[in-house]
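The values are calculated or read from the model by the stated rules, or taken from the named source; none is laboratory data. Here the structure is a predicted model, which is why all the values come from computation and not from measurement. Note: ideal-geometry Cβ built from the backbone for every residue, glycine included; neighbour counts use all protein chains shown. In case anyone asks, the SASA skips ligands and DNA or RNA and just uses the protein heavy atoms, side chains included. Shrake-Rupley method; radii C 1.70, N 1.55, O 1.52, S 1.80 Å.
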Amino acid sequence: MHSTFLSASQAIVKQYSRAATGALIKQPYPFIYEVTSHRATCTTPAALFTEMQAHADKGHCLLKGELLRPLVSESRAGATDASTPTNWICLDLDGVSGFGTTDDFLAAISCVGVDHIVQWSSGMGIDDTKGLRCHIFMLLDQPAHPQLLKQWLTHLNLSIPELSTQMQLTKTGNALRWPLDITTCQNDKLLYIAPPKLGKGIKDPFTKNARITLNTRTRKTFTLPTMIPNKSTLAELADKRVNELRVAAGMPKRRKVRSKFSGQIEYMPNPD
């Protein structure tokens, strides 16, 4: 199994500092256009963990998916294939509450006993966002199509009560904001792993090497469930959840529409 890390002319990190008033100032990840790729062979969770730590310390990010060709200070546009099977998965939690620890979350989604890597987000323990904010990485026992992984992630959001109850509507009120990100399976997805740059007055809540940890259990790999709902079933469940949230917000139910795809991008051609 190969993993690809990307570097740029500047560190790919968030920055936090405090104003004279004490207010927290957040600077987002820099817009990166030209990147250089670094390929690593990672056949075990321990190997992936070692590479992640090394590249995170250098301010690099991780690419979900393999490149069709090496990159040297150039755009990555068109450098990945959306249909290439993958050997690992990333679970991205952004402020998910209801779970005391990452082990509690993994137990809820039937991933107990699997070796995994936890990488805490840049803002964890620094800003006021509550809940778990991290990436959880696991190797798969066999390659899986990114679309199948997306269906599994979607199903988890809709079927796990702690996730379903934390769903929110997007600003348009026509779609869902997923507590467990469903796009981290896409072969062009950037996964930010580097620790933040902290200015004066900001204390890092993590000691050195504690932001990324390897958690060894009894199994090296995860086996996807054999019964994962198909896209049409999941679309119906998602539509139902959208309307539940719209009614709760005092909005009329959304008329039924068909989604279309442009590559990996799902869109509504005629939204409300």
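Points worth noting:
- Within the accessible area of region 1-76 (1.4 Å probe), percent carbon and sulfur: 52
- Cα-based values for region 9-119, radius of gyration first and Dmax second, are 17.4, 50 Å.
- Between TYR33 and GLN147, the contour length at 0.36 nm per residue exceeds the Cα-Cα span by 38.4 nm.
- Total charge dipole magnitude, region 148-225, about the Cα centre, Cβ charges on Lys, Arg, Asp, Glu only, Debye to nearest 20: 360
- Burial ranking of peptide ranges 243-255, 2-14 (average Cβ count within 10 Å, highest at the top): 2-14, 243-255
- Stokes-Einstein D in µm²/s, Kirkwood radius over Cα pairs - region 179-243 at 4 °C with 1.567 mPa s viscosity: 77
- Considering helices alone, the calculated mean residue ellipticity of the chain at 222 nm is -6500 deg cm²/dmol, with DSSP H runs of length four and up weighted by -39500 (n - 2.57) and normalised per residue.
- A straight Cα-to-Cα reach below 15 Å connects LYS220 with the aspartates and glutamates ASP115, ASP141, residues fewer than 8 places away in its own chain not being considered.
- Viscosity 1.002 mPa s, temperature 20 °C, Stokes-Einstein D of region 99-241 from Kirkwood C-alpha radius, µm²/s: 126
- Note: relative contact order over region 28-95, using C-alpha pairs below 8 Å and six or more positions apart, is 39 percent.
- A simple packing score, the average count of other Cβ atoms within 10 Å per residue, orders the peptides 23-29, 148-154 as 148-154, 23-29, with the highest score first.
- Of the residues LEU68, ALA82, PHE49, the one whose Cα sits farthest toward the positive end of the charge dipole of region 1-82, with +1 on the Cβ of Lys and Arg and -1 on the Cβ of Asp and Glu, is PHE49.
- Eligible aspartates and glutamates near LYS64 by straight Cα distance, threshold 13 Å, same-chain separation 8 or greater: ASP81, ASP92, ASP188
- Pairs from the list LYS58/LYS197; LYS14/LYS203; LYS150/LYS189; LYS26/LYS58 with a Cα-Cα gap above 19 Å: LYS26/LYS58.
- Check: the chain dipole with +1 on Lys, Arg Cβ and -1 on Asp, Glu Cβ, in debye: 560
- Couplings 3J(HN,Hα) of region 38-54, computed from phi: 9, 9, 10, 8, 9, 9, 9, x, 5, 5, 4, 4, 4, 5, 4, 4, 5 Hz, in residue order, whole Hz [Karplus 6.51 cos²θ - 1.76 cosθ + 1.60, θ = phi - 60°; x for Gly and Pro].
- Averaged over residues, the count of other Cβ atoms within 10 Å places the peptides 136-144, 164-172 in the sequence 136-144, 164-172, highest first.
- FRET efficiency, ALA235 to LYS200 (Cβ-Cβ, R0 51 Å, nearest 0.05): 0.55
- For region 5-13, 3J(HN,Hα) per residue [Karplus equation, 6.51 cos²θ - 1.76 cosθ + 1.60, θ = phi - 60°, Hz, x = Gly/Pro]: 10, 10, 10, 9, 6, 9, 4, 8, 9
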